[in-house]
Structure formats: structure tokens, C-alpha cells
Amino acid sequence: MRNKIVAGNWKMNNTLEEGVSLASEIVNIVADELKDDVKMILCPPFIHLNSVSKIIGDADKIALGAQNCNDNLKGAFTGEISVDMLKSVGVGYVILGHSERREYFGESNAFLAKKVKTVLEAGLTPIFCCGETLEIREKDEHFSFVTKQLTESLFHLSAADFQKIVIAYEPIWAIGTGVTASKEQAQEMHKNLREHIAGKYGSDVADSISILYGGSCNPKNAKDLFAQKDIDGGLIGGAALKSRDFVDIGKSY
Ligand code: 13P
């Protein structure tokens with residue numbers, strides 16, 4: 001059984017006060033409404049993590065994630081955050097390879113391979129993002145582009161380590177645009193990714209990996225997306241900033 005996961009990537013939004021109030025609302029609604037077999041993950045900005053961690057407390061249906069980390073363990077890296085710092089405030093997951101980090105901060109597949117290793121060695125779970133631009137899709141190169149992202153950043157891992165990863169397919173043309181991938185488009189890519197993983201690690205490993213969809217996912221379209229055989233949940237941006245919408249997405253299984 002694969003894990004059902006809905007993660008909220010707050011990106012660079014909310015003051016600490018706003019973040020604390022959003023997290024409190026989500027924790028309260030989740031406690032009352034969410035099924036036991038779904039996990040929600042809050043990924044606020046770094047400076048919110050300690051406070052949000054305290055709000056989550058020992059709630060078992062919600063976990064804490066960071067949006068990034070440095071690939072080194074410590075030292076002279078001004079402005080950066082290490083995996084040990086994240087662990088010290090109760091973080092369990094780290095988003096890696098988001099398209100915004102790839103685009104604005106030049107993160108390459110090879111560089112992400114290093115971050116994945118650092119995160120896994122710290123005992124944290126990477127949420128590894130992949131996805132193509134519209135231009136790549138229109139050239140019909142989306143499958144090869146996305147599978148290459150996996151190959152170059154993840155396929156150095158042992159099967160045991162690979163199984164610890166969560167993957168998020170986020171087509172760049174669907175992020176923040178209001179244009180969601182159709183359930184057929186998303187399912188087709190997720191199936192393709194799973195087959196690619198099976199080719200390297202075997203079908204048992206491929207079948208055990210949670211693959212999330214991200215890109216304009218909302219309470220209206222989540223049910224159709226999550227009903228697809230190879231879609232195990234979502235990585236949510238805009239809709240994760242509204243407590244009601246975010247939890248409703250978590251209830252869309
Ligand atoms: P939106 O849900 O706002 O499209 O963002 C998706 C995303 O980038 C999550 O990481």
C-alpha cells in the first residue's frame with residue numbers, strides 16, 4: 001500500500017503571524033475531518049518551521065516539511081540552512097528540485113543528486129520534484145525529459161534508499177497558472193515514471209513509491225486526479241494557503 005500524501009508548499013508567502021494562524025486552522029480541521037490513512041505535510045518558510053512544529057505537536061496525521069536545504073552539513077555557507085538544523089525543529093520532509101529552484105537558483109540534476117544524498121543520510125525524506133515546460137511538452141519530449149531528471153538525480157541510490165523517497169510530478173505549465181494537467185495527462189506521466197523506476201529497481205520498489213501530482217490542484221479537481229491508479233496525492237501551492245481548501249484536498253480520496 002502506497003502512502004496517500006497531500007503536502008502544502010507555502011513558497012515565500014505569509015508572515016510568521018499569518019503562518020502560525022494558517023497552521024493552527026489546518027491542524028484543528030484535520031483533527032476533526034481527515035481520514036487516518038492520509039498524511040498532510042506543511043512546508044512553510046524556514047523561519048516558520050519552529051513555531052509550526054509546536055503547533056503540529058504530536059498530531060499524527062500532519063508532518064512538517066522544509067522547502068529546501070543546503071547540500072553541506074555545516075560551515076561557512078552564509079544564509080543557508082542545514083539538515084541538522086531542520087531536524088532540530090522537527091522537520092521530517094524536504095522538498096528538493098522544485099522547478100522554481102531549478103529555474104531561479106540554477107539547481108541542476110547533478111547538484112540535486114548531492115542534496116538528495118545529504119537529506120537521506122540525515123534520515124529525512126526528500127520530496128523530489130520533476131516536471132517539464134510547455135515547450136518541452138509541445139515538442140513531445142516530456143517523457144524523456146522527466147525520466148532523465150529522475151535518472152540523473154536519483155538513480156545513484158540503492159533500492160533501499162530509493163524507497164524512502166516521495167516523488168512529485170509538477171508540470172511547470174500547470175504551476176500557479178490555473179491550468180491543471182488533465183487526469184489523463186497526469187496519470188500517463190505517473191505511469192511512465194513508475195515504469196521507468198521499475199526498469200531500474202523492479203516493480204516491487206516502483207509500486208511502493210508515492211508519486212504526487214502538483215500544479216493548480218484544488219478541491220474541485222483533486223478527486224479526479226487522486227482517483228487515478230498511479231497518483232497518490234498532491235503537492236499543493238496556492239490552495240495550501242487556505243486552510244479549508246487544503247484540508248478539502250486532503251479529503252479528496
Ligand atoms: P500551485 O498549486 O499554486 O499551482 O503550485 C504548485 C506547486 O508548485 C507546489 O509545489
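The values are calculated or read from the model by the stated rules, or taken from the named source; none is laboratory data. Computed from a predicted structure; not experimentally measured. Because the Cβ atoms are built from the backbone with ideal geometry, glycine has one as well, and the counts that use them run over all protein chains shown. The protein model used for the area step is the full one, side chains on, heavy atoms only, and it has no ligands, DNA or RNA in it. Shrake-Rupley method; radii C 1.70, N 1.55, O 1.52, S 1.80 Å.
Here are the numbers for the structure shown:
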read-out	value
Hits in the range 160-171 - residues which are open to solvent by 40 Å² or more (accessible area, probe 1.4 Å) and either basic (Lys, Arg) or part of a helix (DSSP H, G or I) (or both)	Ala160, Asp161, Lys164
Residue match in the range 189-199 (condition: among the basic types (Lys, Arg) and in contact (Cβ under 8 Å) with a residue 12 or more places away in the chain)	yes
Which numbered condition Lys242 fails, given (1) within 15 Å of the ligand (Cβ to nearest atom); (2) in contact with a strand residue (DSSP E or B) (Cβ under 9 Å, 6 or more places away or on another chain)	(2)
Per-region count, the range 109-139, residues more than 13 Å from the ligand (Cβ to nearest atom), over 18 Å from Trp173 (Cα atoms) and open to solvent by less than 50 Å² (accessible area, probe 1.4 Å)	12
Leu157 within 12 Å of the ligand (Cβ to nearest atom) and either within 26 Å of Leu64 (Cβ to Cβ) or not hydrophobic (A, V, I, L, M, F, W, C) (or both)	no
Matching option when the condition is within 16 Å of the ligand (Cβ to nearest atom) and within 28 Å of Lys229 (Cα to Cα), among Tyr93, Tyr104	Tyr93
Test: Ile249 is outside any helix (DSSP H, G or I), closer than 30 Å to Ala23 by Cα, at pLDDT 95 or above and within 15 Å of the ligand (Cβ to nearest atom)	no
Residue match in the range 5-20 (condition: of a type in the set (S, T, N, Q), open to solvent by less than 40 Å² (accessible area, probe 1.4 Å) and in contact (Cβ under 8 Å) with a residue 60 or more places away in the chain)	yes
Filter result for Ala174 (open to solvent by less than 10 Å² (accessible area, probe 1.4 Å) and touching a Phe, Trp or Tyr at 6+ places or on another chain (Cβ under 7 Å))	no
Number of the condition not met by Lys229 [criteria: (1) farther than 15 Å from Met1 by Cα; (2) in contact (Cβ under 8 Å) with a residue 24 or more places away in the chain; (3) surrounded by fewer than 16 Cβ atoms within 10 Å (Cβ to Cβ)]	(1)
Single condition Gln187 does not satisfy, out of (1) at pLDDT 95 or above; (2) assigned to a loop (DSSP other than H, G, I, E, B); (3) open to solvent by less than 60 Å² (accessible area, probe 1.4 Å); (4) farther than 30 Å from Glu121 by Cβ	(2)
The range 120-153, residues that are on the phi > 0 side of the Ramachandran plot and either in a helix (DSSP H, G or I) or not charged (D, E, K, R) (or both)	Gly123, Gly131
Any hit, the range 140-157, residues being touching a Leu at 6+ places or on another chain (Cβ under 6 Å), of a type in the set (S, T, N, Q), buried (at least 20 other Cβ atoms within 10 Å of the Cβ) and in contact (Cβ under 8 Å) with a residue 40 or more places away in the chain	yes
Identity of the residue in the range 176-221, within 18 Å of Met40 (Cα to Cα) and β-branched (Val, Ile, Thr), that ends up farthest from the ligand (Cβ to nearest atom)	Ile209
